[in-house]
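**Student:** First, the structure itself, so that you have it in front of you.
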Amino acid sequence: MNNWYMLTLTGEDRPGIVARVTRALFERNMNLGEASMLRLGGNFTIMMMVSGEMDAQTLEATLAPVASGLGLSLHIDPMQGGLHRHVVPNLMVRVSGADRAGIVARVTGALAEAGFNILDLESDVAGSAERPVYLMQIAGVAEAPLETLEAALEPLRQEGIDVNITPIEMLVG
Amino acid sequence: MEPLPILTIPDERLKQVSEEVTVFDDELRAFVEQLELTRQQGPAAVGIAAPQVGRFQRIAIVDCSNTRKPVPNHGNLVLINPEIVHWEGYEVGREGCLSVPDYTGNVIRATQIRLKAQDPSGEEHEYEMEGYEARAVQHEIDHLDGVLFIDRVVSRRTDLFKRKVYR
């Protein structure tokens, strides 16, 4: 069985990066698993699961010229795990308001303590440079009843953090 | 009675547009029964459409009476030749599908619909639906038109969950 590697590429964004990198992998018979690309602060970032016959060193040697040609930094780690391990979130937490120090740590800390496991987190700063607005969406899974999680978040609301939690009712049809 | 095998992607037949039902006979009603049995076998499926079991006729079942958290619903509905005649509002929600194993995604659907459909005897009905049940109906009618929820998945950054105006 082939091994999975976690491949991380970051750097200045430009069109065609994904095409170039995945072409290089395809030409060497490497397969892709799950992948996620995001622009963060105008930068290109991607993490992808890659598997195939190559060992980590050969993979690195293969991709290093492609990455440097695109001005990207490359990182490869052997990884545990594999495909088909999705966990369906049952709760969605949304945070918004004026940007303030420690908001992520406070919210995620309260959630962790209540047994909430984060599956997906997006954090962004909208608004303008003069008036930044902080936004965060967290999808996750918890066994604790909604009331328990609400109670865990209540102290943050008292401090003026706008945070709400709603169940995600997944539909299968 | 045995449940029917479910077609799963990338089966091209799931893209087929289903035909209107014109004959309301015992054979149709027996099929509906078998379709319902198949739905109940699925992991927590609130709906199923005939093309998912390889019968390309406009038949679907929706039942939102047994969700984890109760939602407004019309009970177990057999929808023959269903047609949405009015849409209102939109909302993102998470969907999965018996025909798309091990994958879920966010889809935008109308929050309120008015639905016309026939029952297995051919009698016409009209329903006002909202929220989760309206979503289930839209998901199933899509199957009748050869459309899957993966054709409608929105980026996780498409945030219609909450819109606020800041000044």
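The values are calculated or read from the model by the stated rules, or taken from the named source; none is laboratory data. Since we're looking at a predicted model, the values are computed, not measured. Note that each Cβ is placed from the backbone with ideal geometry, even for glycine, and that neighbours are counted across all protein chains shown. Heads up: the accessible areas ignore ligands, DNA and RNA and are worked out on the full protein's heavy atoms, side chains in. Shrake-Rupley method; radii C 1.70, N 1.55, O 1.52, S 1.80 Å.
**Student:** Note down the Stokes-Einstein diffusion coefficient of chain B in µm²/s, whole number, using a Kirkwood radius over alpha carbon pairs, 10 °C, and 1.306 mPa s.
**Tutor:** Values: Rh = 16.4 Å.
Calculated translational D: 97 µm²/s.
**Student:** P(r) for the protein assembly as shown: what percent of alpha-carbon pairs falls in each 20 Å bin, starting at zero?
**Tutor:** 25, 48, 26, 1
**Student:** As an exercise, find the ratio Rg/Rh for region A:26-68 from alpha-carbon atoms, using the Kirkwood inverse-distance average for Rh.
**Tutor:** Values: Rg = 11.9 Å, Rh = 11.7 Å.
Checking Rg against Rh, the ratio lands at 1.02.
**Student:** Leaving ligands, DNA and RNA out of it, rank A:His86, B:His139, B:His125 by accessible area with a 1.4 Å probe, largest first. Intermediate results must be reported in sequence, preceding the final value.
**Tutor:** Numbers: A:His86 95, B:His139 5, B:His125 60 Å².
Listed by decreasing accessible area, they come as A:His86, B:His125, B:His139.
**Student:** Provide the buried accessible surface between chains A and B in square angstrom, both chains summed, 1.4 Å probe, rounded to the nearest 100. List each step's numbers first, then the result.
**Tutor:** Details: alone 10630 and 9840 Å², together 18030 Å².
Approximately 2400 Å² gets buried when A meets B.
**Student:** Just for the Cα atoms in chain A, what are the lengths along the principal axes, largest first, rounded to whole Å?
**Tutor:** On the principal axes, chain A reaches 55, 42, 31 Å in Cα extent.
**Student:** If you don't mind, another one. Would you mind telling me which residue in B:Asp145, B:Asp119, B:Asp25 has the biggest mean-square fluctuation in a Gaussian network model of chain B, where springs connect alpha carbons within a distance under 10 angstrom?
**Tutor:** Highest fluctuation of the listed residues: B:Asp25.
**Student:** Taking each residue of A:85-93 in turn, how many C-beta atoms of other protein chains fall within 10 Å of its C-beta, and what is the average?
**Tutor:** Values: counts 1, 4, 0, 3, 2, 2, 0, 3, 0.
Per residue, the average neighbour count from other chains is 2.
**Student:** Now for a separate question. Pop out the carbon and sulfur fraction of the accessible area of chain A as a percent, whole number, probe 1.4 Å. Mind dumping the intermediate values first?
**Tutor:** Working: 4930 of 9370 Å².
In chain A, the share of accessible area belonging to carbon and sulfur is 53 percent.
**Student:** What number comes out for the charge environment of B:Leu115, summing +1 per Lys or Arg and -1 per Asp or Glu over other residues with Cβ under 10 Å away? Kindly include the intermediate steps, with their values, before the conclusion.
**Tutor:** Details: positive: B:Arg114, B:Lys116; negative: B:Glu83, B:Glu126, B:Glu128, B:Glu133.
That sum, taken over residues with Cβ under 10 Å, equals -2.
**Student:** Could I ask something else about it? Just to be sure I understand: if I project the alpha-carbon convex hull of region B:55-137 onto a plane and average over all orientations, what area do I get in nm²?
**Tutor:** Convex hull of Cα atoms, orientation-averaged projection: 6.0 nm².
**Student:** Roughly how crowded by other chains is peptide A:161-172, in terms of the mean Cβ count from those chains within 10 Å of each of its Cβ atoms?
**Tutor:** Details: counts 0, 1, 0, 2, 0, 2, 2, 4, 11, 9, 21, 18.
Counting other chains' Cβ atoms within 10 Å and averaging over A:161-172 gives 6.
**Student:** Under 37 °C and 0.692 mPa s, how fast does region A:3-79 diffuse according to Stokes-Einstein, given a Kirkwood radius computed over C-alpha pairs? Answer in µm²/s, whole number.
**Tutor:** On the way: Rh = 12.3 Å.
Approximately 267 µm²/s, per Stokes-Einstein.
**Student:** Hey, what angle do you get for helix A:56-69 against the long axis of chain A, alpha-carbon based, 0 to 90 degrees rounded to 10?
**Tutor:** 80
**Student:** Let me ask something else. Take the Cα pairs of region B:32-95, get the Kirkwood Rh, then feed it into Stokes-Einstein at 10 °C and 1.306 mPa s and tell me D in µm²/s.
**Tutor:** Working: Rh = 13.1 Å.
In µm²/s, the coefficient rounds to 121.
**Student:** A further question on this structure: Counting every Cα pair in region A:91-167, what percent are over 14 Å apart?
**Tutor:** Working: 1662 of 2926 pairs.
Tail fraction, whole percent: 57.
**Student:** Pop out a list of residues from region B:111-151 that are at least 20 Å² less accessible with all the protein chains around than in their chain alone; 1.4 Å probe, no ligands or nucleic acids counted.
**Tutor:** For region B:111-151, once contacts with the other chains are taken into account, B:Tyr132 lose 20 Å² or more.
**Student:** Please compute the Cα-Cα pair-distance distribution of region B:1-50 with 5 Å bins starting at 0, giving whole percents from short to long.
**Tutor:** Computed distribution, short to long bins: 5, 17, 22, 24, 23, 7, 1.
**Student:** Taking the dipole about the Cα centre of chain A, with the C-beta of Lys and Arg at +1 and of Asp and Glu at -1, give me whichever of A:Thr58, A:Thr108, A:Leu38 is farthest to the positive side.
**Tutor:** After comparing all options, I get A:Thr58.
**Student:** Alpha carbon centre of region A:82-104 versus region A:1-62: separation in Å?
**Tutor:** Distance between centres, Cα-based: 25 Å.
**Student:** Rounded, prolate or oblate: which one fits region A:36-123, using the alpha carbon gyration tensor with axes a ≥ b ≥ c (rounded when a/c is under 1.5, else prolate when a/b beats b/c, else oblate)? Numbers along the way, then the final one.
**Tutor:** Working: a/c = 3.11, a/b = 1.68, b/c = 1.85.
The shape class here is oblate.
**Student:** Using Cα atoms only, what is the angle between the long axis of helix B:131-144 and the major principal axis of chain B, expressed in degrees (0 to 90) to the nearest 10?
**Tutor:** Once rounded, the angle reads 50 degrees.
**Student:** Here's another thing I want to ask about it. Using a 1.4 Å probe, what is the accessible area per residue for chain B, in Å²?
**Tutor:** Details: 8670 Å² over 167 residues.
Value for chain B: 52 Å² per residue.
**Student:** Against the longest alpha carbon principal axis of chain B, how many degrees, from 0 to 90 and to the nearest 10, is the axis of helix B:26-41 turned?
**Tutor:** Rounded to the nearest ten degrees, it is 50.
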